[in-house]
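Enquirer: Have a look at the structure that comes next, please.
The values are calculated or read from the model by the stated rules, or taken from the named source; none is laboratory data. Remember, predicted model here, so these are calculated numbers, not experimental data. Cβ coordinates were reconstructed from backbone atoms using ideal geometry, including for glycine residues, and neighbour counts include every protein chain displayed. The accessibility values were calculated without ligands, DNA or RNA, using every heavy atom of the protein model including side chains. Shrake-Rupley method; radii C 1.70, N 1.55, O 1.52, S 1.80 Å.
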Amino acid sequence: MNRVAITDEAAEVVSKIREKQPDLIFHQSGGCCDGSSPMLLPAEDFYLDNSDILLGEIAGIKYYMNQDQFDYWKHTHLTVDITSGRGASFSLEIPLGMRFIIHSRLLNDKELDFFIAQ
Amino acid sequence: MSYNKPIFKDTYGNFINGKFVPPIGGQYFENRSPIDNSLIAKYPRSQQEDVDAALEAANTAKKAWGNTSVTERASMLNKVADIIEANLEEFALVETCDNGKPIRETLNADIPLSADHWRYFASCIRAEEGTASELDQNTLSLNIKEPLGVVGQIIPWNFPLLMLSWKLPPALATGNCVVLKPAEQTPSSATLLMEKIADVFPPGVLNIIHGFGPEAGKPLASSAKVDKVAFTGETTTGQLIMQYASKNLNPVTMELGGKSPNIFFNSVMDQDDAFLDKAIEGAVLFAFNQGEVCTCPSRLLVQEDIYDAFMERVVKRTKAIIQDNPYDLNTMVGAQASNDQYEKIQSYLKIGIDEGAKVLCGGNAAKLDGDQANGFYIQPTILEGHNKMRVFQEEIFGPVVCVTKFKDEEEAIAIANDTLYGLGAGVWSRDAHQLYQIPRAIEAGRVWVNCYHAYPAHAPFGGYKKSGFGRETHLMMMDHYRQNKNMLISYDKNKLGFF
C-alpha cells in the first residue's frame, strides 16, 4: 500500500528530466500562488531533516512533505499528475511548459488501518 | 462598455543596464492570455548568463546610485508614479490580458494603487532622519542608514504591476540597485513599465529579467553578487531561497501566503442596515481577484445563532456575481491566471466534496462562450464543512471559500489559529470589546476589522508563522533594504590610559 502514486504521463516527464539530472526529489509545497503543488527539485538542493516526512517513492523519486503539513494531509492518498501550464516556482518541469499537480482521494479503512499500524 | 485585447509586439527583451536586450542564448517562451488562451508575445527564456549580465550592471551602478541624493531618488520615484497614472488605461488593459482579472479591477485597484506605492516611498525617504545619541559628555553615537547594494526580487503573478510596485520603491528609495524577475505567467506589465520609464533611472539601477524559476530565478536567488533577496510565493521555494541566502549570509524577506479566516460575530445581524450589507459583501470578497490573493478570506467563520440567516444572504450575493469577459466593465470575476491553477482548483473542489463538504453554490468550472470558451474560469464556490478538512487548510488560490460555524469567542479564536499560516484575518462585529480583543488574539500580521481586502500604502503588510516575515507597503520595509552604520565618535582629547 502507498500514500502516493504517479500517473504514467507524469512518470514519463520525470524520466525525461532524470536523463539530465538523475538525483531528484519531490517536495510538497504549501502557501501562496503556486503552493499546494509538488515541486521536483535536485536532491542536493533541498535541505531535508526530521521535520520532513517521506510519503513514498514514485517513478524512482522520493516524495517528501513537511510534518506540520502532513498532519492535515495524512488521511488522503495523493496521485501526481501532469498538466500543461505555466507555473512559477523552481520546480524542474516548468521550462517544459508543464506542471505537476496533485489529485487526492480519501484513504479507505483498510489503508488507514495499515498506515496507523506502521 | 467593453475593451479589446491590447496590441503587443512579437517579442520582448530583458531590460538590463538601461536598455532592452535579447536573451544571450536566444531562447524565448510563449506567454498566453488566460482569458482565451491566445498568444500575447514571446519573452526571454533567460539563463545564468543573462542573470549575470543584469547583476554586473547593477553592481557597476550601485556606488553612484547609493550616493545619489534622496531628493533626486525621490524625484525619480515620483516620475514613475506620474507615468503609471498618465497611462492608467494602457497598463490596466495589459494587466487584464496577461492575468485574466476583470478590467474594472485593474482600472480601479491594481494600477492606481501601484502609482501610490511609488509616491509613498518617495515621501518616506524624504521625511525620515537618522538618530544621534550623546552617550556621555564626549561620546556621540551616530546612526546612518546605508543601502545593502544589489537586491534580487522575485514576484508573483496575481498582481503583477502591484507586486512590482510593492517591491521596487522601498529598495530603490533606500539607494539599492535591483534585479527583478517577474513571474513567467505575467511578464507584460513589467515590460510595459520599462518601456515607459527607460530613461528615468541611471543605467543599471533597475534591471528586469524574464524566464523560468529553475533557469533564471535560481541563479538570481543564489548569486553571491546579490546582497538580499525578497520573495513572494510558496513555502518550498521560500525554503530554497533561504537556503541559498544562508550560503551567502544574506538577509531575505518572505511573503508565503495564508489561509485567512474571516470571522462574523452574531451582532452583525442585530440590524438590517448598511453595515450588515457591508458585512455580507465582506464575506463574498473571497471571490475578489478570482481568489488569487495571498490573503484571500478563504475560511469563513460564522457564529452559529446567525449562521442560517447570514449564509442565505452570502449565497444569494455570491450567486449574483457576474462572471464574464474580463474586458467588459461589468464583469466582477474573470479568468484564473493559468491552466495549471485551473486544474489545481478543480482538484481541490473534488477532494473537498470527497471529504464531505457540502456545496452551497458553484462547485465547478465555468464555461464561457465565444472567445472565452478556451479560457480558465471557475464558478465562485462556497463549501460548507469543518476546519480539519484539507480545503480549510490549504491555499486553493481560487474563488472558493470554506464556511464553518463557531459557538463563542473562544472557539472562533481556536479555529482561526488552527492553520499553518498567519498572513491575514477579518473580524466583523458591532461589539466594541470584540473589535479589539479578537484581533489581538489572532496570530496574523494583518487583521482587518469591519473591513477586508484594503491594501493602502502606509499600513504594514506581512505574515506570522509559515506566512513569512518582513513588512511591506510601509516605511518599515526600508530597513529590510539597509545596513545601519553606527559611527561612535569621541570628542575626548585624553587617552584611555591602558597602554
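Enquirer: Need one value for B:385-398: mean number of C-beta atoms belonging to other chains within 10 Å of its residues' C-beta atoms.
Expert: Details: counts 0, 0, 1, 3, 2, 7, 0, 1, 6, 9, 8, 2, 7, 0.
For peptide B:385-398, the averaged partner shielding equals 3.
Enquirer: A follow-up question, please. Let a ≥ b ≥ c be the square roots of the eigenvalues of the Cα gyration tensor of chain B; is it rounded (a/c under 1.5), or, if not, prolate (a/b larger than b/c) or oblate?
Expert: Because a/c hits 1.5 or more and a/b fails to exceed b/c, chain B counts as oblate.
Enquirer: Can you list the residues of segment B:197-217 whose accessible area drops by at least 40 Å² going from the chain on its own to the full set of protein chains, with a 1.4 Å probe?
Expert: Output list: B:F212, B:P214.
Enquirer: May I ask for the accessible area buried between chains A and B, both sides summed, probe 1.4 Å, to the nearest 100 Å²?
Expert: Values: alone 7020 and 20700 Å², together 23930 Å².
Adding both sides of the contact gives about 3800 Å².
Enquirer: If packing is taken as the mean number of other Cβ atoms within 10 Å per residue, what is the order of A:104-115, B:79-90, highest first? Write out the running numbers ahead of the final one.
Expert: Details: A:104-115: 13.7, B:79-90: 17.5.
In decreasing order of mean packing, A:104-115, B:79-90 become B:79-90, A:104-115.
Enquirer: Comparing the chain by itself with all protein chains present, which residues of segment B:447-468 are at least 30 Å² less accessible (probe 1.4 Å)?
Expert: Those are B:K466, which lose 30 Å² or more relative to the chain on its own.
Enquirer: Let me know the shape class of the protein assembly as shown, please: from the alpha-carbon gyration tensor, a ≥ b ≥ c as square roots of the eigenvalues, rounded when a/c is under 1.5, otherwise prolate if a/b is greater than b/c, or oblate. Display every interim value, and only then the final one.
Expert: Numbers: a/c = 1.39, a/b = 1.27, b/c = 1.10.
The shape class here is rounded.
Enquirer: At 1.4 Å probe size, with every protein chain present, just tell me what the per residue accessible area of chain B comes to in Å². Write down the numbers at each step before the final one.
Expert: On the way: 18840 Å² over 499 residues.
Accessible area per residue: 38 Å².
Enquirer: Checking buried surface per residue: for segment A:26-46, which residues lose a minimum of 50 Å² accessible area in the protein assembly relative to the chain alone (1.4 Å probe)?
Expert: Listed by number, the residues meeting the 50 Å² cut-off are A:G31, A:C32, A:C33, A:S36, A:D45, A:F46.
Enquirer: Roughly how many whole Å is it from the C-alpha centroid of segment B:159-199 to that of segment B:470-498?
Expert: About 29 Å separates the Cα centre of segment B:159-199 from the one of segment B:470-498.
Enquirer: Compute the distance in nm between two label points, each set 7 Å from the Cα along the Cα-to-Cβ direction, one at A:K16 and one at B:E410.
Expert: Placing both labels 7 Å along Cα→Cβ, they lie 5.7 nm apart.
Enquirer: Now for a separate question. Percent antiparallel among DSSP beta bridges with both residues in chain B, to the nearest 5?
Expert: Numbers: 33 of 71 bridges.
The answer is about 45 percent antiparallel.
Enquirer: For the protein assembly as shown, give the share of DSSP beta bridges that are antiparallel, in percent and rounded to the nearest 5; count only bridges with both residues there. Write out the running numbers ahead of the final one.
Expert: Values: 54 of 98 bridges.
Around 55 percent of the beta bridges assigned by DSSP in the protein assembly as shown are antiparallel ones.
Enquirer: Give the total of Lys-Lys pairs in segment A:4-117 with Cα-Cα distances below 22 Å; include a pair only if its members are 8 or more places apart or on different chains. Walk me through the numbers before you get to the answer.
Expert: Values: A:K16/A:K62; A:K20/A:K62; A:K62/A:K74; A:K74/A:K110.
The number of close lysine pairs in segment A:4-117 is 4.
Enquirer: Which whole number gives the average, over all residues in B:179-188, of C-beta atoms from other chains lying within 10 Å of the residue C-beta?
Expert: Values: counts 0, 0, 1, 1, 6, 6, 6, 2, 0, 0.
For peptide B:179-188, the averaged partner shielding equals 2.
Enquirer: Of all DSSP beta bridges in segment A:4-117, what percent run antiparallel (nearest 5)? Intermediate values should be presented prior to the final figure.
Expert: On the way: 20 of 26 bridges.
Here the antiparallel bridges make up roughly 75 percent for segment A:4-117.
Enquirer: Which of the listed residues, A:L78, B:I306, B:T106, is farthest toward the dipole's positive end in the protein assembly as shown, when Lys, Arg count +1 and Asp, Glu count -1 at the beta-carbon?
Expert: The listed residue farthest towards the positive side: B:T106.
Enquirer: In deg cm²/dmol, rounded to 500, what helix-only [θ] at 222 nm does the protein assembly as shown give when every DSSP H run of at least 4 residues adds -39500 (n - 2.57) and the total is split over its residues?
Expert: -10000 deg cm²/dmol
Enquirer: Taking all protein chains in place and a 1.4 Å probe, what share, in percent, of the accessible surface of chain B do carbon and sulfur account for?
Expert: On the way: 9450 of 18840 Å².
Looking at chain B in its full context, I get 50 percent from C and S.
Enquirer: Does segment A:4-117 classify as rounded, prolate or oblate by the C-alpha gyration tensor (a ≥ b ≥ c root eigenvalues; a/c under 1.5 gives rounded; else a/b over b/c gives prolate, otherwise oblate)?
Expert: Numbers: a/c = 1.60, a/b = 1.49, b/c = 1.08.
It comes out prolate by the Cα gyration axes.
Enquirer: Take each of the peptides A:16-28, B:136-148, B:398-410, average the number of other beta-carbon atoms within 10 Å over its residues, and list them starting from the highest. The partial results should precede the final answer.
Expert: Details: A:16-28: 16.3, B:136-148: 14.0, B:398-410: 20.9.
Highest to lowest by the protection proxy: B:398-410, A:16-28, B:136-148.
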